[in-house]
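Student: Would you mind keeping the following structure in view while I ask a few things?
The values are calculated or read from the model by the stated rules, or taken from the named source; none is laboratory data. The structure displayed is predicted, hence computed values, not measured ones. Reconstructed Cβ throughout: ideal geometry from the backbone, glycine too, with neighbour counts over all protein chains shown. Ligands, DNA and RNA are stripped out before the accessible areas are found, and what is left, the full protein with its side chains, is counted by its heavy atoms. Shrake-Rupley method; radii C 1.70, N 1.55, O 1.52, S 1.80 Å.
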Amino acid sequence: MTRAPAEELLDRLVRSYEAAEDPERAGPAAAYMREQFAFLGIPAPTQRALARTVVAGLPAPTEEDLRAVALACWELDEREYQYFACDWLRRHVAVPGPGFLATLRTLITTKSWWDTIDPLATRVVGGLVRRHPELGAEMDAWSAEEDMWLIRTAILHQLHYGTDTDVDRLFGYCTRQAGHRDFFVRKAIGWALRHYARTDPAAVARYVADHRDRLSPLSVREATKHL
């Protein structure tokens, strides 16, 4: 009986990654992430090479394949599986429809740390919202959530939009969360502003000047790094 593509991919993934496990690298990798996650100890270049082998010959994924594989990778203990899912979703971001945002919300709010949040925010959520602009309303809601990772995602989702950036949205989210206590939200504000300054440095300079009393020193420092 022929297995479903998602099942075949997951079987290949686990077998190839387990075979490449390096316990000597796993310890330092876990320490770098504050011991929040287990690691197999596979360096990034090796992960990328293995990933190419894992998907070789498989059909293009459907939205359901993307969902099944991503959620399965999130169930596995070792962090490299979540990295695979982030990269795979990024490569196939043109496949899912707007309803896929619910799956991304699950990934963002589970096993949350910057190493998965940032690629999901800037490439996957960002790509999905670009293709389905009606999801901007969901980003508006995420920007006011209690969960700091949803806030960070909302702030960063336009990072690579360049001249397509909805500036009112970007600046509005930054203003809404300017007083947030968490480092990762403050850093996201600065990062998003600094990146947009590549497109319109004068607008960012004006925004920072007008809101300097509300923005954290970290956000200001990051935003103005190249101005």
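Student: Please pick out the residue among Val220, Val208 that is of a type outside the set (S, T, N, Q), crowded, with 18+ Cβ neighbours inside 10 Å, more than 24 Å from Asp115 (Cα to Cα) and more than 21 Å from the chain's Cα centre (by Cα).
Tutor: Exactly one of Val220, Val208 is of a type outside the set (S, T, N, Q), crowded, with 18+ Cβ neighbours inside 10 Å, more than 24 Å from Asp115 (Cα to Cα) and more than 21 Å from the chain's Cα centre (by Cα), namely Val208.
Student: Now, a different point. In this structure, does Thr199 turn out to be surrounded by fewer than 19 Cβ atoms within 10 Å (Cβ to Cβ), part of a helix (DSSP H, G or I) and more than 20 Å from the chain's Cα centre (by Cα)?
Tutor: When the stated conditions are applied, Thr199 does not pass them.
Student: A follow-up question, please. So, Thr110, is that one among the polar types (S, T, N, Q) and either outside any loop (DSSP other than H, G, I, E, B) or crowded, with 20+ Cβ neighbours inside 10 Å (or both) or not?
Tutor: For Thr110, the condition - among the polar types (S, T, N, Q) and either outside any loop (DSSP other than H, G, I, E, B) or crowded, with 20+ Cβ neighbours inside 10 Å (or both) - is not met.
Student: I want to confirm something. Restricting to the stretch 142-179 and keeping residues that are assigned to a helix (DSSP H, G or I) and open to solvent by 50 Å² or more (accessible area, probe 1.4 Å), which single residue is nearest to Val204 (Cα to Cα)?
Tutor: My answer is Asp168.
Residues checked against (1) over 19 Å from Ala6 (Cα atoms); (2) open to solvent by 10 Å² or more (accessible area, probe 1.4 Å):
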position: Leu40; (1), (2): yes, no
position: Ala68; (1), (2): no, yes
position: Cys73; (1), (2): no, no
position: Asp77; (1), (2): no, yes
position: Leu120; (1), (2): yes, no
